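Read the structure below first, then the notes.
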Amino acid sequence: MKFCSQCGHPVNWQTPSGDHRPRFVCPACHTVHYQNPRIVAGCLPLWGEQVLLCRRAIEPRRGLWTLPGGFMENDETMEQAAARETLEEACTRVEGLELYTLFDLPHIHQVHVFFRARMVDANFAVGEESLEVQLFHEAEIPWPELAFPTVGHTLEYFFKDRLHQLYPVRNEPLAPLRAIPTTP
């Protein structure tokens, strides 16, 4: 951030009085510009024994598979965001959304939240952000081609929990993935 969104004056990086973290502060109008994590709301759409996945048409991770999800908008709940993203990316409606997994990703300033949900019907199609949309049985999940660790963890938990029909809400932090060394 270089300029104040309130008055347009250049901002300073400083710790405001009474605070414990540096923030962007406008010396002209004294506005403190807080930067907070963004929420990614997603859905685990279910049709019988199958899970609906989308192949991403956008970066990051274009061409890899994911659960439908995206950034939450102002004036919507997390549940509404998850349902909206499912409709946008997979052209399908879901119902009975239940909070399932929450992942804290402080290294990228995000929180990922996934809801389990039933598809209203078996109608789905490719949305603008998807190259392909497909239902998968557990044995068919393209594990090596999943776009994000949060998606993989959510699917792993789901298939384990399904055995006992108990779906506890999980919340855990995820550290950044370590780079895999390459050989020259």
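Residues of region 28-52 with backbone nitrogen within less than 18 Å of a virtual label 7 Å along the Cα-to-Cβ line of Phe3, please, listed as ranges.
What the label zone holds, given the 18 Å backbone N cut-off, is 28-33.
Count the net charge of all other residues whose Cβ sits under 11 Å from the Cβ of Leu131, scoring Lys and Arg as +1 and Asp and Glu as -1.
-1
Mind running the shape call on the chain? Use the C-alpha gyration tensor, a ≥ b ≥ c as the square roots of the eigenvalues: rounded below 1.5 for a/c, prolate if a/b tops b/c, oblate otherwise.
Prolate, because a/c is 1.5 or more and a/b exceeds b/c.
So, for the chain, what is the accessible surface per residue at a probe of 1.4 Å, expressed in square angstrom?
I get 60 Å² per residue for the chain.
Calculate the FRET efficiency for Leu177 and Arg38 from the Cβ-Cβ distance with a Förster distance of 22 Å, rounded to the nearest 0.05.
My answer for the efficiency is 0.70.
Test of understanding: extend the Cα→C-beta vector of Glu138 to 7 Å, then name every residue of region 38-53 with backbone N under 20 Å from that spot.
Hits in region 38-53 for Glu138 at 20 Å: 44-53.
FRET efficiency for Arg162 and Asp75, Cβ-Cβ distance as r, R0 = 30 Å, nearest 0.05?
Step by step, r from the Cβ atoms, then E = 0.30.
Let me check against my output: what whole-number percent is the relative contact order of the chain, with C-alpha pairs under 8 Å and at least 6 apart?
About 21 percent, as a whole number.
Can you pull the three principal axis extents for the Cα set of region 78-184, in Å, largest first?
Taking max minus min along each principal axis of the Cα atoms, region 78-184 gives 49, 31, 30 Å.
Using Cα atoms only, what is the angle between the long axis of helix 149-164 and the major principal axis of the chain, expressed in degrees (0 to 90) to the nearest 10?
Relative to the chain, helix 149-164 is tipped by roughly 40 degrees.
Label 7 Å along Cα→Cβ of Val126; region 34-68 residues with amide nitrogen under 20 Å?
Taking a point 7 Å out along Cα→Cβ of Val126, the residues of region 34-68 whose backbone N falls under 20 Å are 52-68.
Report, to the nearest whole %, how much of the accessible area of the chain belongs to carbon and sulfur atoms, 1.4 Å probe, protein only.
Percent of accessible area from carbon and sulfur atoms in the chain: 53.
Near the amide H of Val120, under 5 Å away, which other amide H atoms are found, from residues 5 or more places off or on another chain, if H is placed in the peptide plane?
Arg93, Val94, Glu95
The values are calculated or read from the model by the stated rules, or taken from the named source; none is laboratory data. What you see is a predicted model, and the numbers here were worked out from it, not measured in a lab. Glycine gets a Cβ as well: all are built from the backbone with ideal geometry, and neighbour counts include every protein chain shown. For accessibility, only protein heavy atoms count, side chains too; no ligands or nucleic acids. Shrake-Rupley method; radii C 1.70, N 1.55, O 1.52, S 1.80 Å.
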